[in-house]
Amino acid sequence: MNPRLTIAAAVATILSSLALFPLLMGGGWFVDGAGAVLTVALVGAAMRWRTLPVAVCLLATLAALFLYLNAMFAVHQSWAGLVPTRASVHHLAHLLTEATRVVSIYQPPVPATQGILLATTAGVGAIGALTDLLAVRLRRPALAGLPLLALFCVPLTTAAKPGGVGGTLVFSAGMAGYLALLSSDSRQRLPLWGHLVHPWHEEDQRGPDTRALSSAGRRIGAAAIAFALVLPLVVPGLKWHQIFPGSGDLNGPPGQQPGLPSPIVSLNQQLQERRPLTVLTYHSSVSQPPYFQIYVLDQLGANTWTLASPTATTPLTARGGLPAPPGLVASTHRSAVFEQVQVTSDLATSMGGSTYLPLPYPASSVTGVGDVWKVDRTTLMVYASDIDLASQHYKVAAVDVEPSQDQLEATRTPAPGSDQVDLNVPPSMKGLLSLARQVTRGSTTEFDKALALQQWFSESGKFTYSLSAPPPTSADILEQFLEQTRRGYCEHFAFAMAVLARLLGIPARVVVGYTAGSQLGNGEWQVTTSDAHAWPELYFQGAGWLRFEPTPGGTTQQLGQPTALPPLYTVPSIDSVSLPGRNIRPVPGHRAGSLTGNTGGNSTISRLNHEVGHQGATGNSAAHNGPGLPIGVIVLGVLVVLAVLPRAARSTARHLRWWRAHDDRGRAWAAWRELRDDLADYQFASRLSDTPRTLARRLAQLPGLSEPGLQALERVCLAAERAGYATSPSDSSSLRQDSATARRALAHASSLRTRLRALVLPASALAPFQAGFQHALDVFGWIDVASTAVWHLVSRRRRPVPRPHEAAPAAEHWGISV
């Protein structure tokens, strides 16, 4: 067997598997894949203890991989938790079928379901088995790069777009692993030029010392890798390629429709962000702006909602006019909304490379974006195929629909001729019809049923907002959310209410975008990734598509989505509600939708509580943040610390050196090391091979040294000589003073520039950092050291210990008494 190549092959496979990070959510799959690779490596190493056919070795590693997968993903169906059974095999097949379904629904990154984890772990393990076979058993490490390359090619065949820095690090890690594999093989061949190396046995013989040559080769390889990585990033003609995203067009040639994004995955990722990113800012003409629509999911499949490809499209007119919103009649009461929107560079990244424009619904015109945009007449989604959303600045005019109570309650059936696709419900979800009827018992109109659904979700204590709930990627998960766990976030609430509405005969769809965000003052608003949201829209004749809000709102004391506010036409009427310094009363002739002021919550009272909490939070935030330190002061402080650090390290090393010296011999060696460091600091030439007497003779010939300083140097050298060669060291009571005198003499004999450099950047303090940095670059040397240590440990355990009666003849042969 060859432990060095085995370890190198396993490490190369694990590092290459990092290329799969853009494809999956989370990082648990990486640990499972690494475990599969290590299992395959151990079994492959065991199969090489004896000479066995190649096919037997491959089958053994694949069998070990299957046992590992069975133990990891079908432990409850296995005998004793390990031995595969028919039930465990059937469960693994079911998980693979689930993985195929998830891949067909989602674009990268896909959620890390059990099926996805199984498929990924099996793929990485199979690559590890093939790499181990080629690199170690067949001794073809260069050919082993082909299966490793397959791991890199998988993301390139999908819509995954890793970031520039992330792609660079992943590529560098994979190439480092592959070159480490080549280096480990060459390390054994280099001392044995002209000799046949057995494929799986190390020859226990001494050869020429090639460590320096190997280290030089590794550093040349590292420099070549760095040059190859940096060159495409700095040469304009080579900047765009598939490994590192550049400024090229990610969406295909101009005029081509962009690929459908994965709104649900991007929404989940944004809500999981620990530090929210600002995606857009805007100025609004109203006190409570509408939500920003980006994607409309109107296709309900067997398991989840998906984005349909825009079909009924029309170019955006020269004046930015949009088609009339479906179903909205002129008699419906509405108010005008005008907004100036500034998109940041984080929007496209957060929304999975989106080229869909965030707009309030329904928008009537958009100006300032150019003439390459298209509009879907059914959903009013505005998109383009070759536009960078970063730094887009545009103006939008929209309407805030405020239907009257009589108009909404008069709507009893879908609009004549409406597309029945908005009423389709797959058979897997029709079992929820009884629940929908139970929730809306007593409601006589479609709008009353919609209000009952929203009120049922927002009723206190019934549902809990939680980002840790599994994504609603199947009918089973949605059913568990409604009837068992009742824990989820906006996706769960929006999906569930839209499904229940369709079951009751109300056309429904799901919209993904952003809430209105947080108010900054003077009509300015800010929207961050934490404001990413999904909500249901229900269709009513005359009013068109109306937004509902089943997701619980929240404050700093409650779990929920703080900026998720129900529309005013869904809030029950009240006579009056008082706030400190103001009164809010319903306008005669209208429902609570006519309330003036900025309110929020899942009922009128909760909306007002939210406003008070939001105002208090804003005030506390302003008081807490206050004027911070200028960035210049912070940078100056960092520079001062970096300037003082070498001098502090040198002084600390000197004090520790004298503190550890407890006797004459120890103080003599401390003075000697101090002298060598002082010579390095003041740039006086010295060699490591110099004896104390030789160094003293050379220093006596230096010009500029004072007589007291020269005598102190001679006493230090004499003390070091006696400590190293004499039976008893000399008296050391004055050595520390002599060391200081010698240092002052060396400084006096140096130039002003040298003295300043010794004061700020002493060479003796920087030498360990330089050596450490040099060793850090030699990453392949670390692998050699680790693999050599493991090999020696294994060899020592395998080597038989000679018995006394067997060792005596050999010892007598060399004239040694035993």
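Things worth noting here:
- Failed item in (1) free of Cβ contacts under 8 Å to residues at least 24 places away in the same chain; (2) under 22 Å from Leu134 (Cβ atoms); (3) in contact with a helix residue (DSSP H, G or I) (Cβ under 6 Å, 6 or more places away or on another chain), with Ala55 passing the rest: (3)
- Residue that is most open to solvent (accessible area, probe 1.4 Å), among those in the stretch 319-332 that are closer than 18 Å to Leu359 by Cα and assigned to a loop (DSSP other than H, G, I, E, B): Arg319
- Hits in the stretch 1-13 (condition: open to solvent by less than 30 Å² (accessible area, probe 1.4 Å) and in a helix (DSSP H, G or I)): Pro3, Arg4, Leu5, Thr6, Ala8, Ala9, Ala10, Ala12, Thr13
- Here the stretch 475-522 is the region considered, the condition is being hydroxyl-bearing (Ser, Thr, Tyr) and closer than 19 Å to Glu459 by Cα, and the residue that is surrounded by the most Cβ atoms within 10 Å (Cβ to Cβ) is Tyr489.
- Residue match in the stretch 472-491 (condition: hydroxyl-bearing (Ser, Thr, Tyr), under 26 Å from Val110 (Cβ atoms) and touching a strand residue (DSSP E or B) at 6+ places or on another chain (Cβ under 8 Å)): yes
- Criterion: small (Gly, Ala, Ser), at pLDDT 85 or above and surrounded by 15 or more Cβ atoms within 10 Å (Cβ to Cβ) - qualifying residue of Ser418, Ser364, Ser350, Ser404: Ser364
- Of all residues in the stretch 25-44, those that are surrounded by fewer than 17 Cβ atoms within 10 Å (Cβ to Cβ) and not in a helix (DSSP H, G or I) total 2.
- Residue satisfying all of: in the stretch 64-75; open to solvent by 50 Å² or more (accessible area, probe 1.4 Å) and part of a helix (DSSP H, G or I); farthest from Leu118 (Cα to Cα) among these: Leu67
- Only one of Arg665, Arg660, Arg687, Arg697 that is among the basic types (Lys, Arg) and touching a residue at least 12 places away in the same chain (Cβ under 8 Å): Arg665
- Within the stretch 281-306, the residues that satisfy the criterion of being under 18 Å from Arg547 (Cβ atoms), of a type outside the set (Gly, Ala, Ser) and outside any strand (DSSP E or B) are Val286, Gln288, Pro289, Pro290, Tyr291, Asp298.
- Strands (runs of 3 or more DSSP E) wholly inside the stretch 499-541 containing at least 1 residues that are free of Cβ contacts under 8 Å to residues at least 60 places away in the same chain: 518-521, 532-540
- 3 or more residues open to solvent by 30 Å² or more (accessible area, probe 1.4 Å) and closer than 21 Å to Arg736 by Cβ: qualifying helices (runs of 4 or more DSSP H) within the stretch 626-713: 631-660, 664-681
- Residue within the stretch 434-442 that is at pLDDT below 90 and surrounded by 14 or more Cβ atoms within 10 Å (Cβ to Cβ) present: no
- Test: Leu307 is out of contact with any Lys or Arg (no Cβ under 7 Å at 6 or more places or on another chain), modelled with pLDDT under 85, among the aliphatic types (A, V, I, L, M) and buried (at least 23 other Cβ atoms within 10 Å of the Cβ): no
The values are calculated or read from the model by the stated rules, or taken from the named source; none is laboratory data. Everything numeric in this text was worked out from a predicted model, so none of it was measured. Here the Cβ is made from the backbone with ideal geometry for all residues, glycine too, and neighbour counts use every protein chain on show. Ligands, DNA and RNA are excluded from the accessible area calculation, which covers all protein heavy atoms including side chains. Shrake-Rupley method; radii C 1.70, N 1.55, O 1.52, S 1.80 Å.
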